[in-house]
Each structure stands twice: as C-alpha cells, then as structure tokens.
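Here the structure comes first, spelled out in structure tokens, and everything after it is commentary.
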Amino acid sequence: MKKSILLILFCLFLLLSACGKTELTAPFAENVKWDMGETEMKTALGEPTETYLSVYGGDCFTYPCTYLDRDGTLKIMYDEKGKLASVAWAYVTWDSEDLKELTASITDAETKLHGNTSVDPNGRGTQGSVWYTDGGDILTASIAVDGQYGFQYSYIDKAHSGRG
C-alpha cells in the first residue's frame, strides 16, 4: 500500500513539475512555431518584406509587426540547414522616454516569467538583459545613436544560443 501511495505521489509530482515549464514562445510572434521550416513560415506569415542572410547562415525574413502598440519589424532567422534559429522584434524611436517605458515593460514581463536577468541591464554602452531558459535565450538590447533609439527583443533557440 505504501509503495502504491509513493508511486502515485511521484507520478503526481512529475505531472505538476512538467506543467510549470514554459515553452520558449516569443509574445510578439504568436503564429511562429520553432519547428516551422522556411516554406511553412512563408505560408503562415505571407511573403516577407525583405529577405537577407541571417547571422546564423540561413535566410532572415522580415515582416512589419506591431507589438505593445508600437510599429516594428519581426525578424525570422534560419541557420544554414534551414532550422529556425531566432525570432526577434526590432523597434526604432526618437523618444527616449518611449524606449525606457518599453524596456521596463518587457523586462518586468520576462522577469515575472523567468526570474531576474542574468546580466546587469543598466550597463554602459548598449544596454540589455538576458534570460537563460531550458528552451533557449531571451535577450533585450537597446542603443542610442544621434538621438535615435533602437531596441531589439530576441528569442534564440538553445541550439544556437552558444550554450546548447
């Protein structure tokens, strides 16, 4: 009887611990799935605005994308084998307060989901945060150049994060 109860409790523990795991899902790209090939991606999202070589050796497709009421660019990046490596949202503004508000909003949301950032988000130069998860890395980065502010919010598959 004790063995049966222990086995049931163990199975319940495994079930509950599996429920708490989060997928690496980019909130700005809910239609994108990590197992999508290039053809499937184009079928789901349409023809890209632009296509160029990604930093992972495959194609990078760009699409206009509004996120948090801001117009930016969705970047879908593949590796040289045609595997989805990264999904990112890029945004440019002339308003430093807008950038601060956006950064704080995204940082707060990711911190609630994944805990504190693994780097100092208030460093010098390019500022940003990184969250290391079981599925891959989540990065934010911002930069200011001549009164214009750029921001990128990226999800990188673990196989391409440099840790997998």
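The values are calculated or read from the model by the stated rules, or taken from the named source; none is laboratory data. Note that the structure is a prediction, hence the values are computed from the model and not measured. Cβ coordinates were reconstructed from backbone atoms using ideal geometry, including for glycine residues, and neighbour counts include every protein chain displayed. The protein model used for the area step is the full one, side chains on, heavy atoms only, and it has no ligands, DNA or RNA in it. Shrake-Rupley method; radii C 1.70, N 1.55, O 1.52, S 1.80 Å.
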## Note on the structure
XL table LYS75/LYS100; LYS81/LYS112; LYS75/LYS158; Cα-Cα > 28 Å flagged, in table order, is LYS81/LYS112
### Carbon + sulfur, % of accessible area of region 55-114 - ligands and nucleic acids excluded, 1.4 Å
52 percent
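Hey, got a sec? Which trypsin sites (Lys or Arg not before Pro) in region 18-94 land in a DSSP loop and have at most 10 other Cβ atoms within 10 Å?
LYS21, LYS81
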### Query
At a probe size of 1.4 Å, how large is the accessible area of VAL145, to the nearest 10 Å²?
80 Å²
